[in-house]
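Novice: Got a structure for you, written out below as structure tokens; questions coming shortly.
The values are calculated or read from the model by the stated rules, or taken from the named source; none is laboratory data. These numbers come from a predicted model, not from an experiment. Methodologically, a virtual Cβ is constructed for each residue, glycine included, from the backbone with ideal geometry; neighbour enumeration extends over all protein chains shown. Surface accessibility is based on the protein's heavy atoms, side chains included, excluding ligands, DNA and RNA. Shrake-Rupley method; radii C 1.70, N 1.55, O 1.52, S 1.80 Å.
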Amino acid sequence: MEEPRDSTQMVKIEQAARILQAGDVVAMPTETVYGLAGDASRDDAVVKIFETKSRPRFNPLIVHCATIEMVETIAMFPPLARKLADKYWPGPLTMVLPKHVGAPLSDLVTAGLDTVAVRMPKHDMARTLIEKAGFPVAAPSANPSGKLSPTTAQHVLDGFDGRVPVLEGGPSVEGVESTIVAVQDDQLILLRPGTISRDDLAAATGRPVLDPEDKTIKAPGMLLSHYAPNATVRLNADECLDGEAALNFGNSKLRSKVATLNLSPSGDLAEAARHLFSCLRELDRPDIRTIAVAPISTAGLGEAINDRLRRAAADRS
Ligand code: TXA
Ligand code: MG
């Protein structure tokens with residue numbers, strides 16, 4: 001007999017694979033953030049992902065694969081993409097590639113586009129889960145749409161009030177979502193900055209990395225207000241106003257009477273990325289209306305950190 005499982009319970013890999021095979025959703029750990037996983041080929045599973053997150057249907061999902069062979073069942077894989085895969089897969093890089101006609105994908109996954117976003121996660125438990133399930137897995141971040149992304153299993157339980165089973169895989173080591181790059185013929189377009197930086201992509205390929213405005217490409221999910229705590233966020237603060245919480249970086253010295261955290265006292269951008277969402281969560285208390293954030297370098301993966309902070313601070317009206 002199956003052991004009883006209520007949805008607040010953590011699940012093991014075999015159980016998680018069976019949940020996916022039954023067309024249900026389960027949260028899985030990845031090195032970037034936890035993902036809300038479902039069978040990418042099944043409309044019913046993908047509908048559950050959108051409904052659980054209250055995510056608008058025009059915003060397509062990333063499809064996670066365990067192997068290159070699995071990727072080749074759904075997308076074309078031009079030489080430029082192969083070069084990036086050799087260097088960065090498995091890892092925090094998502095590539096938007098031309099979708100195969102007749103790929104075993106629900107149209108809801110790609111929101112009707114003729115491209116598909118694909119990634120091969122580095123987290124061993126994620127790849128093992130996908131392999132055991134036996135099919136590509138759609139997985140947006142496992143948080144209600146627009147809110148802070150989850151970097152621990154507890155964040156997922158909190159975000160969905162324990163309604164989603166979670167495969168516990170420890171805290172995410174990267175802490176911000178994957179870099180998304182569209183590969184169009186011999187061009188690269190950076191759709192979302194991440195810990196693999198613009199310079200990394202250029203160095204690996206010898207190609208310039210363009211911005212979406214330079215091309216007619218659509219990045220439908222890149223809504224300005226996103227990754228938002230309940231508190232408002234004030235960027236590039238050089239002092240803390242009355243009642244504000246403080247989020248420092250390196251040797252910045254914002255001082256708050258309510259709460260003060262530092263993303264990385266040593267000024268290490270990788271550490272700051274890893275701690276970004278959990279620090280914002282910790283400061284997102286009912287008694288705190290505004291979080292003042294010190295300036296953070298925009299070099300390298302600082303671009304990704306500043307991107308997330310800009311969206312957290314964006315006007316929500
Ligand atoms: O690190 C990550 O990428 C995490 C983990 C779970 O893998 N996933 C993640 O998924 O961040 P999500 O759904 O929160 O972000 C997916 C982004 C959205 O901005 C979406 O618009 C974009 O990928 N996207 C998906 N398919 C696309 C496509 N065909 N063309 C352009 N953008 C696409
Ligand atoms: Mg997300």
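Novice: Towards the positive end of the charge dipole of the chain, with charges on Cβ (+1 Lys, Arg; -1 Asp, Glu), say which of 229, 115, 169 has the farthest Cα.
Specialist: Working it through, the farthest residue towards the positive pole turns out to be 229.
Novice: Over the chain, what is the mean sequence separation of C-alpha contacts under 8 Å (at least six apart), divided by residue count, expressed as relative contact order in percent?
Specialist: Relative contact order for the chain comes out at 19 percent.
Novice: Give the carbon-plus-sulfur fraction of the accessible surface of the chain in %, rounded to a whole number; probe 1.4 Å, heavy atoms of protein chains only.
Specialist: That share works out to 51 percent.
Novice: Next up: Go through 87-95, 43-51 and give me the packing order, highest mean Cβ count within 10 Å leading.
Specialist: Order by mean packing, descending: 87-95, 43-51.
Novice: Putting +1 on Lys and Arg Cβ atoms and -1 on Asp and Glu Cβ atoms, find which of 251, 297, 280 reaches farthest to the positive end of the dipole of the range 232-313.
Specialist: 280
Novice: Let me ask you something else. For the range 232-313, what are Rg and Dmax over the alpha carbons, in angstrom?
Specialist: Reported Rg and Dmax, both Å: 11.4, 34.
Novice: Quick check on the chain: helices-only [θ] at 222 nm, where DSSP H runs of length 4 and up contribute -39,500 (n - 2.57) each and the sum goes over total residues. Nearest 500, please.
Specialist: That comes out to -8000 deg cm²/dmol.
Novice: Which of the aspartates and glutamates could a cross-linker span from residue 48 if the Cα-Cα distance has to be under 20 Å and same-chain partners fewer than 8 positions apart are dropped?
Specialist: 6, 24, 39, 107, 158, 161
Novice: Would you please report the Å³ per residue occupied by the convex hull of the alpha carbon atoms in the range 135-262?
Specialist: Taking the convex hull of the Cα positions in the range 135-262, it is 185 Å³ per residue.
Novice: Quick one: what do you get for the range 88-146 if you divide its Cα Rg by 2.2 N^0.38 Å?
Specialist: Compactness ratio reported: 1.20.
Novice: Another question, if that's okay. Given C-alpha coordinates of the range 162-202, what is the ratio Rg to Rh with the Kirkwood estimate of Rh?
Specialist: Rounded to two decimals, Rg over Rh is 1.18.
Novice: Give me the lysines in straight-line cross-link reach of residue 53: C-alpha distance below 20 Å, same-chain residues under 8 apart excluded.
Specialist: In chain and number order, the partners are 147.
Novice: Under a Cβ-only charge scheme (Lys and Arg +1, Asp and Glu -1), can you give me the dipole magnitude of the chain about the Cα centre, in debye to the nearest 20? Spell out each step's value before the answer.
Specialist: Details: 35 positive and 41 negative charges, 67 e Å.
Rounded to the nearest 20 debye, it is 320 debye.
Novice: If all Cα-Cα distances of the chain are sorted into 20 Å bins from 0 onward, what percent lands in each bin, rounded to whole numbers?
Specialist: Spelled out per bin, shortest first, that is 34, 57, 9, 0.
Novice: Related question: At what distance in nm do the modelled label points of residue 234 and residue 44 sit from each other, each positioned 7 Å from its Cα along Cα→Cβ?
Specialist: Each label point lies 7 Å from its Cα, and together they span 5.2 nm.
Novice: Same structure, new question: Could you work out the Kirkwood radius for the range 1-92, taking every pair of different alpha carbons, averaging 1/r and inverting it, reported in Å?
Specialist: For the range 1-92, the Kirkwood estimate is 15.2 Å.
Novice: Angle, helix 43-53 long axis vs. longest principal axis of the chain, Cα atoms, 0 to 90°, nearest 10?
Specialist: Here the helix axis deviates by roughly 10 degrees.
Novice: Still on this structure, I have one more. Keeping all protein chains in place, calculate the accessible area per residue for the range 232-313 (probe 1.4 angstrom), answer in Å².
Specialist: 48
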